[in-house]
1. May I ask you to list the chymotrypsin sites (Phe, Trp or Tyr not before Pro) in segment B:12-84 that are in a DSSP loop and have at most 12 other Cβ atoms within 10 Å of their Cβ?
2. Measuring from a point 7 Å past the Cα of A:K183 along Cα-to-C-beta, which residues in segment A:125-139 have an amide N at less than 13 Å?
3. What ³J(HN,Hα) values, in whole Hz, does the Karplus curve 6.51 cos²θ - 1.76 cosθ + 1.60 give for segment A:284-296 when θ = phi - 60°, with x put for Gly and Pro?
4. Using r as the Cβ-Cβ distance of B:T44 and A:L61, and R0 as 60 Å, what FRET efficiency do you calculate, to the nearest 0.05?
5. With axes computed from alpha carbons, what is the tilt in degrees of helix B:247-260 against the longest principal axis of chain B, rounded to the nearest 10 within 0 to 90?
6. Write down the Kirkwood hydrodynamic radius of the protein assembly as shown, to one decimal in angstroms, obtained as one divided by the mean of 1/r over all alpha carbon pairs.
7. Just to confirm the number: angle between the C-alpha axis of helix A:314-325 and the first principal axis of chain A, 0 to 90 degrees, nearest 10?
8. Given the protein chains as shown and a 1.4 Å probe, how many square angstrom of B:D47 are accessible, to the nearest 10?
Amino acid sequence: MSGPGVLTMAKALNQGLRDAMSADDKVLVMGEDVGPLGGVFRVTEGLHAEFGGSRVLDTPLGEAGIVGAAIGLAMRGYRPVCEIQFDGFIYPAFDQITSQLAKLTNRHEGSATFPIVIRVPYGGHIGAVEHHQESPEAYFAHTPGLRVVSPSTPNDAYWMIRQAIESDDPVMFFEPKSRYWPKGDVDLTSPASPLHASRLVRSGRECTVAAYGPMVSVALQAAEIAAAEGTSIEVVDIRSLSPIDYGPLLASVEKTGHLVVAAEASSFVSVSAEIAATVTERAFFSLEAPVLRVGAFDAPFPPAKLESTFLPDADRVLEAVDRSLGY
Amino acid sequence: MAKSASSTVDTTTLAEPVRFLDPDGRFAPTPAAERFASMLDELTEADRLEFYRDMAVVRRFDIEAGHLQRQGQLGLWVPSHGQEAAQVGSGRAARAQDTIFPSYREHAVARIRGVDLLDVLRMLRGLTHGGWTPAEVGNFRLYTLVIGSQTLHATGYAMGVGLDGAPTGDPSIDEAVLVYFGDGATSQGDTNEAMIWATSYQTPQVFFLQNNQWAISVPVSRQSRTPLVDRAAGFGMPATQIDGNDVLASYAATRYHLEHARSGGGPAFVEALTYRIGAHTTSDDPTRYRAADELALWESRDPLIRYRKYLENEGVAGSFFTGVDEEAADFAADIRRRTLELGPPPVDTMFDHVYSEEHPVPVAQKAWLSDYEAGFTEGES
């Protein structure tokens, strides 16, 4: 398939998986309900019909089994793409991801690679029950041996899933559920960025807002509101949480002198905290104010009727921007 | 309050497992052994002698490694004493094309597949987390320390064998997978998931349980109120319980199930009843939790002595055993000499292979460490 199109992120991911499977018959899709159902979010829709049950594996119900078996399949030369059905269901696989998969490249001392992608629908705003709206990315970004990325647009979703599948390292691929359905332009001819590049997505002069995944659209919304009120916000889409590409972010902070880091995850010991620390180290004399974090509160994800208060929105981003500019 | 677990259950009294050699080395197959007897027909005289050499050399190696640990040359040692028959019989039952997923005590299997046992000691001396390249040592994968994790890797690998189109029907090329684990591992979720997946996908695979009666200080009766071999039926897998201290039983049962698995018959389960004569590791003191008479009972079932009696009954000359003893002593001396020569790896190798493709964090930290250490050198000049 080639040429531009307008797709939802779910469709873009579906197309990315289809094209990756067509390009390399070692690519497998495996997980719970990924077969004829097409996954609970329909990201794998049609793949089972097209590639068959030996390329699209509806697995027994067990997350450790999904990842542990994927490790064995990678040892056999396959490139498994695992789906963990919901963010909060990933913990049964925690040993297999952090103690096994993340360390096996190192333990093999160069004699084996583990090209496994673990797709994780994550984040809130879907009104779901407990364990279905979480943001667990920090656990994995903290773990050496894993790469961690999160697209914010359909175009990035298409290209980043393809790049992640081509990577010889394990990639944790966090898909923002709240962005599955909005449509966007997808250029199927060439990628806009490498997998681990961050990107300036809106130019501004007075304050930088860094965000990733579901919070990029919120940051852009905040920038629109601020612009109407006469404040110029620059937005950087971090895109990759391990490694983090600081180039565009530092360039932005050197220009604006102010940084707010926004994420759906709770802020305590978070990717946002890591970004705040590193930018403080590397751009200290450019900063006019402390780096501020905007995130969910440090409480368990609440019942869905409270999520709109629990999760940060454009107003909370703007509140932080105001505090930063007030220093 | 929970009932306390009783001390070790001697499940050998519950049923007659597959056994060819009685504790005095007489060839006296149990009824359960009959269906596996044909597997022994293909063993040559040289094969039977090799089994003894495998067991004796690793017994001597194990003693030497224990000494090296006590002398401060290893951080830890994981003894295999008592489990040699279970390991050698099953290890020799695998074909060259098979892939073996060990836990961390399968030193005899490692040696059979071609691992230089010095590489096992390098791990326990604190020099590596790996030690060998599986493809170069008979597809013997790396040791895995988190209990049971390797069972899922084995199952995934075996799924891959199936996806690759096996079986062709030619047992000289069709592959099977052999995975080792212990009685403690049967309580882990991963191990149970591995068996569910294996039966679901009908993988070419044998689950080889070395029930050595103890998971560090906890008896198998705390892991299970039913003989572990009986669990296999719940997964939908054929299972065989063997006297794990009989090398011929271990060979025959494992061979039988591996051949069945490689021909498309699906996975199987072997429970080898054996005993960890030594400590779990050198950090452990088994006298705190095990009765002396239990140890004495199992010492009377020593797999090496039993097999030697058998070979002597078969007319093998004393010079053979003397020769093996000398070879084992030489092997141990060589291991000792080479262990003492092992220095630490360069410090910056900790940054290598964190990723297979460049990642800026280890690159930057490696460079930082180099500059930092150079700073000390400059200070001295």
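1. none
2. Answer for segment A:125-139: none.
3. For segment A:284-296, the Karplus-derived couplings read 3, 7, 8, 7, 9, 7, x, 6, 10, 10, 10, x, 5 Hz, x marking Gly and Pro.
4. 0.80
5. 80 degrees
6. Its Kirkwood hydrodynamic radius stands at 27.9 Å.
7. With rounding to tens, the tilt is 50 degrees.
8. 60 Å²
The values are calculated or read from the model by the stated rules, or taken from the named source; none is laboratory data. Since this is a predicted model, take the numbers as computed values, not measurements. Here Cβ is always computed from backbone atoms with ideal geometry, including for glycine, and neighbour counts include all displayed protein chains. Just so you know, the surface numbers come from the protein's heavy atoms only, side chains and all, with ligands and any DNA or RNA stripped out. Shrake-Rupley method; radii C 1.70, N 1.55, O 1.52, S 1.80 Å.
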